[in-house]
Structure formats: C-alpha cells, structure tokens
1. State yes or no: is D308 within 16 Å of ligand 1 (Cβ to nearest atom), open to solvent by 10 Å² or more (accessible area, probe 1.4 Å) and acidic (D, E)?
2. Out of T319, T332, report the one residue that is away from ligand 1 (no atom under 16 Å from the Cβ) and in contact with a strand residue (DSSP E or B) (Cβ under 6 Å, 6 or more places away or on another chain).
3. Counting only residues that are of a type outside the set (A, V, I, L, M) and either open to solvent by 30 Å² or more (accessible area, probe 1.4 Å) or not in a loop (DSSP other than H, G, I, E, B) (or both), how many does the stretch 194-215 have?
4. Please tell me if A363 is assigned to a helix (DSSP H, G or I), surrounded by fewer than 22 Cβ atoms within 10 Å (Cβ to Cβ) and out of contact with any Cys (no Cβ under 8 Å at 6 or more places or on another chain).
5. So for the stretch 379-388 (the condition being among the hydroxyl-bearing types (S, T, Y), part of a helix (DSSP H, G or I) and at pLDDT 95 or above), does at least one residue qualify?
6. Might you let me know whether the stretch 233-240 holds any residue that is touching a residue at least 60 places away in the same chain (Cβ under 8 Å), among the polar types (S, T, N, Q) and not in a helix (DSSP H, G or I)?
7. Got a number for residues in the stretch 165-199 being of a type outside the set (S, T, N, Q) and in contact with a Phe, Trp or Tyr (Cβ under 7 Å, 6 or more places away or on another chain)?
8. State all residues of the stretch 14-41 that are outside any loop (DSSP other than H, G, I, E, B), open to solvent by less than 30 Å² (accessible area, probe 1.4 Å) and within 9 Å of ligand 2 (Cβ to nearest atom); if no residue qualifies, say none.
Amino acid sequence: MKKRSQPAAKPGETPTCAKCGACSTVCPVYRVTGREYHTGRGKLHLLEKLDPAAASAAYAEILSRCLLCGACSAVCSRKIPVAAQLAAARAELNRRAGEQALKRHLVGDLLARPRLLELLAPLARRFNPAPIPADSGLNLRLGLPPQLPAEAEKPPKPATAPPTTTPYLFAGCYGTYLAPAIGHAVQSLLGKAGVEAPQRAAGWGCCGLAAYGAGRLDQARGLARRNIAAHPGPASIVVSCASCAAHLSHYPQLLADDEQWRPRAEEFAGRIKEFSLFLQETTSDQPLPPTPGPGPEPGPRLKILYHDPCHLRFMLPITKPPRKLLSALPQTELVELPRGPRCCGHGGLFNLAHPTDAAAILAELAAECRQSGAEIVTSTCTGCLLHWQKAATQQLIPARVLHLAILLDRLTSSAGS
Ligand code: SF4
Ligand code: SF4
C-alpha cells in the first residue's frame with residue numbers, strides 16, 4: 001500500500017508531526033520510562049486526539065511528565081516547537097478543566113501533604129538570606145506552598161527613570177534571595193573585564209518561567225510586562241541564570257497577541273545578554289585578568305565538567321562561551337560526559353512532580369560524571385545546580401558544584417580556587 005505523505009505546512013502554520021520518532025531518541029523522560037506516550041511524538045498525538053475539557057487524570061499526568069527541555073524540537077526535521085505546544089496545552093487544560101487538574105500532577109505529593117508544607121515553609125524562609133516574594137517561582141521550586149496569585153497582575157506603571165547605558169544585572173530569584181553570592185560574583189567578573197558596575201532595576205520580578213511551565217499564562221504575561229517596564233533601554237541586561245535568560249528572551253512569543261507590549265518585548269529581548277556570552281564577547285576570548293596577588297598555587301589542573309542547561313543549549317542556543325571562558329584559564333582542564341551533554345532531570349517543577357523519574361535521569365548523569373573524573377561540576381542554571389548539588393549531597397558524585405560565575409571569580413582571584 002502506498003504510504004500517504006504528510007501535507008507540507010503553509011507559511012505561518014505549525015507543521016504536522018511526521019511520526020518519524022527522531023524525538024524519541026533524545027527525550028530524557030522516555031529514556032527512563034520507556035513509554036511511547038511520554039515522547040514528543042506521543043504527546044503531540046494525544047493533543048490531537050483529546051479534548052482538554054474532557055481530559056482525564058491520565059491526560060493531565062502525561063502533560064505534566066515533560067521537562068520542557070526542548071531536546072525534541074532541536075532534532076525535529078519539521079521544527080515543531082513541541083515544548084511550546086505542551087506549555088500551551090497545559091494552559092488550555094487549566095482554562096478548561098480547572099487548575100487543580102494539572103496542579104495535582106505538577107507539584108505532586110507536595111500539594112497532597114499540606115501539613116508537611118506548613119512545617120517546611122517557616123524553616124525554608126528562616127534560612128533564606130532574603131524573604132522570597134509571593135509571586136516568585138522559587139516558592140514552587142522549593143516545595144513551599146504555592147503563592148502565585150490567581151489573577152493576572154495589574155499593568156505596570158511606565159518607568160520614570162531616564163534612559164541609561166549602565167548595564168543591568170538580572171540575577172533572578174535564586175541569585176537574589178537564596179544565593180546572592182552569584183550576583184556578587186557576576187559583578188566582580190564584569191569589573192575584572194572592565195565593564196562598569198551594573199545596576200539592579202527597581203521593580204523587577206520573577207522571570208515567570210515557573211508560572212509559564214505550570215500553564216499560568218496570565219501570570220507569566222503579567223510578570224513579563226513588569227520586567228519590561230522595570231528595565232528601560234538602551235542598557236544591556238546581563239542575566240546570570242540560564243533559564244531566566246532563555247525565558248526573558250522568549251517574551252516576544254509570550255506577548256505575541258498583545259499589540260501594545262509585543263514591540264516593547266522585542267526591544268527588551270534584544271537587550272538580554274546571557275552572562276557567559278556577554279563575558280566572552282567582552283573579553284574577546286582572552287583569559288580574564290587575575291586580581292593582583294600571589295596567584296594560585298601551581299599544581300595539577302582542576303578537572304571541570306560544564307553542564308549545559310537545556311534552556312541554554314536548545315533555546316538560545318549557547319554552548320561554547322562557558323567552555324571558552326573556562327579553558328582560557330591555565331589551571332583548568334575541561335572534561336565532558338562520555339555520552340555527551342544531556343538534561344539533568346530537574347525541569348523546574350518536574351523533579352517535584354516526578355521525583356523517581358528525575359532521580360533516575362540524574363543517576364545516569366552522575367555515573368557518567370564519575371567516569372569523567374570531574375572534580376567540579378559547574379553550570380549557569382539554578383535548577384540544574386540544585387539538582388547536581390543533590391547528587392553531590394547524596395554522594396553520587398565526588399565533585400563540588402558551583403555556579404560558573406562563582407567558579408570563574410574564584411579561579412581569577414589571588415587565592416585561586
Ligand atoms: S520537551 Fe524534553 S521532556 Fe518534553 S517531550 Fe520534548 S524531549 Fe521529552
Ligand atoms: S521528531 Fe518531529 S516530526 Fe518526528 S516524531 Fe518527533 S515531533 Fe514528530
């Protein structure tokens with residue numbers, strides 16, 4: 001029988017799936033579950049066949065079992081934006097079947113155990129260097145009781161600050177409230193590279209990635225408008241978290257239907273500078289100058305594994321600048337995972353909703369990390385760093401885990417690493 005070919009997509013139309021299966025070979029979730037309906041292809045098939053309003057618990061569960069990593073779209077010959085379609089499907093499911101249908105599966109056991117959350121919340125807040133705002137996606141990531149308000153934010157007031165060329169630093173919620181050392185390290189590195197001290201915008205907020213991943217599009221759009229208003233041009237916006245950088249760059253798509261804000265989102269996205277790319281361009285591939293002092297003790301080179309955050313690798317895509325910055329230093333030796341870079345399994349809310357799958361994905365990477373001989377694992381995504389830190393705490397890897405900015409700053413300081 002003659003095989004029917006799929007019709008070609010017209011310009012502006014989303015192409016249809018060819019069912020070729022290329023996405024199955026790279027899907028981290030499929031790799032650990034072995035279920036076809038967890039692949040990009042399987043989920044797209046489900047979206048085609050099922051009505052979200054009549055969705056079963058199984059439908060919501062399958063939609064939740066996605067890291068939104070974008071690996072499938074990167075290999076798809078038809079360039080289907082699978083992760084974006086799945087995020088849109090989550091929003092549609094929230095709208096038509098009620099938010100609880102999906103939320104139960106996104107934050108898993110945590111929502112089912114409110115007593116545990118009540119006990120954890122004050123502890124987590126007490127040990128945080130700064131209070132976490134109610135609309136920060138960190139609340140969900142840390143398993144704190146979700147505090148995202150249900151309604152969309154009010155439109156922000158226009159900024160009154162005069163135009164500035166002093167770069168902004170966007171350190172994100174993690175780099176501001178939980179690990180302010182990241183922001184300080186970026187500031188120190190920019191100083192070493194001869195860039196004027198960056199400013200922090202008044203009125204900035206969570207980038208909105210967690211809200212977007214949870215299908216809360218109104219919330220995500222409200223946060224986008226707020227950040228755009230808080231960062232008037234023409235200054236560059238240096239972003240120290242890979243996932244924030246990818247999501248801030250995605251604002252034009254998020255606000256595509258908003259005639260008033262779309263042009264502003266495009267202008268804003270054009271000024272987003274992921275920190276490693278910004279630093280590499282600023283230093284023109286030269287090693288960062290060390291701070292004055294005796295310099296690090298001579299000794300064997302430090303074996304460093306740079307972990308590619310999926311948001312950086314597939315969405316921006318940026319893979320070379322962090323490696324160039326590290327390999328330009330005399331005391332480092334870059335190592336790679338034997339089977340190449342892959343998702344660590346954190347996926348924002350995924351590790352909370354599906355801890356067993358997330359742990360299985362991480363365990364595979366940890367085994368390869370041990371083979372690589374890495375003494376330090378570094379990355380720029382705060383979610384990835386939290387997950388690798390978990391591997392270190394559980395002694396799955398004999399390596400320290402550091403944000404790239406902190407590592408580079410230490411390696412170029414007189415005290416060395
Ligand atoms: S986005 Fe990642 S986890 Fe989700 S279907 Fe695609 S490859 Fe799998
Ligand atoms: S790679 Fe693209 S076309 Fe092929 S099965 Fe996956 S989504 Fe469909």
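The values are calculated or read from the model by the stated rules, or taken from the named source; none is laboratory data. The structure presented is a predicted model; accordingly, all values stated were derived computationally and were not measured. Methodologically, a virtual Cβ is constructed for each residue, glycine included, from the backbone with ideal geometry; neighbour enumeration extends over all protein chains shown. Accessible surface areas use protein heavy atoms only, side chains included; no ligands, DNA or RNA. Shrake-Rupley method; radii C 1.70, N 1.55, O 1.52, S 1.80 Å.
1. No: the conditions fail for D308.
2. T332
3. Residues that pass the stated criteria total 8.
4. Yes.
5. There is no residue in the stretch 379-388 that is among the hydroxyl-bearing types (S, T, Y), part of a helix (DSSP H, G or I) and at pLDDT 95 or above.
6. There is at least one residue in the stretch 233-240 that is touching a residue at least 60 places away in the same chain (Cβ under 8 Å), among the polar types (S, T, N, Q) and not in a helix (DSSP H, G or I).
7. So the answer is 3.
8. C23, S24, G40
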